[in-house]
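Here is the structure we will look at, set down as structure tokens.
The values are calculated or read from the model by the stated rules, or taken from the named source; none is laboratory data. Quantities reported herein were computed from a predicted structural model and do not represent experimental measurements. A quick note on method: Cβ atoms are made from the backbone with ideal geometry, for glycine too, and the neighbour counts reach across all protein chains shown. These area figures cover heavy atoms from the full protein model, side chains too; ligands, DNA and RNA do not enter into them. Shrake-Rupley method; radii C 1.70, N 1.55, O 1.52, S 1.80 Å.
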Amino acid sequence: MRLDWKDAAATMLVAAVVVPYVGYLVRGEMPFIQDPRGMAATGLVLGFAAAALAFRQWFAPGPMQRTALLAGAATLGLGVAALWTENEILLATFLGGIVVTWALGELIHVRAHPKAHPTPTGPTAAGHA
């Protein structure tokens, strides 16, 4: 499995959405986030930034890429709807969509680069020269 700086940055951006959302659920507000509209706006901005890091992966051919693109588009729609309506259920679904889209992107990346260092095979692998 080969992860690069884009994976780390996307993970940090998703965490920067999820952690305040958990705090929002527990306390009812967080610094700079007082209502569902503020949480949705935060999710849209940071979620879009995380998706921008994987821009090339979304349009590569393959069923996993199409699934991730569809999940990202649906999540964007949920985010806009949550921002517009301030509905808590839409907000929760939107945040879940961010996590699902991120997980699909990571899965695509891991499948594209299965191993950073392939395991040697043959007579030298068993210690025979």
Answer yes or no: is there a residue in the range 48-69 that is of a type in the set (S, T, N, Q), more than 25 Å from Asp7 (Cβ to Cβ) and out of contact with any Phe, Trp or Tyr (no Cβ under 6 Å at 6 or more places or on another chain).
-> no
Being under 15 Å from Leu95 (Cα atoms) and outside any helix (DSSP H, G or I) is the filter here, so list the residues in the range 18-38 that pass it.
-> Ile33, Asp35
Close pairs (6 angstrom Cβ cut-off, 6 or more residues apart or separate chains): closer than 19 Å to Val14 by Cα in the range 60-73, open to solvent by 50 Å² or more (accessible area, probe 1.4 Å) and at pLDDT 85 or above anywhere = Ala71/Val100
Ala71 closer than 19 Å to Leu25 by Cβ, at pLDDT 90 or above, open to solvent by less than 50 Å² (accessible area, probe 1.4 Å) and hydrophobic (A, V, I, L, M, F, W, C) = no
Only one residue in Leu91, Leu95, Leu46 is more than 12 Å from the chain's Cα centre (by Cα) and modelled with pLDDT of 90 or more. Which one?
-> Leu91
In the range 94-112, anything in contact (Cβ under 8 Å) with a residue 60 or more places away in the chain and either among the small types (Gly, Ala, Ser) or under 13 Å from Phe48 (Cβ atoms) (or both) is listed as Ile98, Trp102, Gly105
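This table checks each residue for (1) open to solvent by 60 Å² or more (accessible area, probe 1.4 Å); (2) modelled with pLDDT of 85 or more.
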| residue | (1), (2) |
| --- | --- |
| Arg2 | yes, no |
| Tyr21 | no, yes |
| Tyr24 | no, yes |
| Glu29 | yes, no |
| Phe59 | yes, no |
| Leu76 | yes, yes |
| Thr85 | yes, yes |
